[in-house]
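**Student:** Got a structure here, written out as structure tokens. Questions coming.
The values are calculated or read from the model by the stated rules, or taken from the named source; none is laboratory data. The structure displayed is predicted, hence computed values, not measured ones. Neighbour counts run over all protein chains shown; Cβ positions are idealised from the backbone, glycine included.
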Amino acid sequence: MEENLIKKWESLTISNDFLFGKVMSHPGLCQKLLERIFPDMEIDHIEYPELQKSINMDYDAKGVRLDVYVKDGNNTVYNIEM
């Protein structure tokens, strides 16, 4: 059983709601990921307006949705969501 869980964990990608929510909810990880996706973006500010009211934090959860608002050095605002 433990081996099965390890395989499931190792197969997760950033498109998984659980992993996306965990990464995006940590400002440092969020910034590093966005800088890798958008290498020319200079992130100035990250804001977390609100999490969904009901959140299932299991690794295979569906329904976690975390909106992240990012503002760069040019005052361009990006809304990041999965």
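**Student:** State whether the residues of the range 11-18 include one that is modelled with pLDDT under 85 and on the phi < 0 side of the Ramachandran plot.
**Tutor:** Yes, the range 11-18 contains at least one residue that is modelled with pLDDT under 85 and on the phi < 0 side of the Ramachandran plot.
**Student:** Which one is surrounded by the fewest Cβ atoms within 10 Å (Cβ to Cβ), of the residues in the range 1-26 that are touching a helix residue (DSSP H, G or I) at 6+ places or on another chain (Cβ under 9 Å) and not in a helix (DSSP H, G or I)?
**Tutor:** Of all residues in the range 1-26, those touching a helix residue (DSSP H, G or I) at 6+ places or on another chain (Cβ under 9 Å) come to 12-14, 22-24.
Imposing the further condition that a residue be not in a helix (DSSP H, G or I) reduces the set to 12-14.
On the way: Leu12: 14, Thr13: 7, Ile14: 11.
Filtering the range 1-26 for residues that are touching a helix residue (DSSP H, G or I) at 6+ places or on another chain (Cβ under 9 Å) and not in a helix (DSSP H, G or I), the one surrounded by the fewest Cβ atoms within 10 Å (Cβ to Cβ) comes out as Thr13.
**Student:** Could you tell me how many of the residues in the range 27-45 are exposed (fewer than 11 other Cβ atoms within 10 Å of the Cβ) and either assigned to a helix (DSSP H, G or I) or on the phi > 0 side of the Ramachandran plot (or both)?
**Tutor:** 3
**Student:** Regarding Asp60, is this residue touching a Phe, Trp or Tyr at 6+ places or on another chain (Cβ under 9 Å), among the charged types (D, E, K, R) and at pLDDT below 80? Reasoning before the result, please.
**Tutor:** Values: touching a Phe, Trp or Tyr at 6+ places or on another chain (Cβ under 9 Å): yes; among the charged types (D, E, K, R): yes; at pLDDT below 80: yes.
Judged against the criteria, Asp60 is a match.
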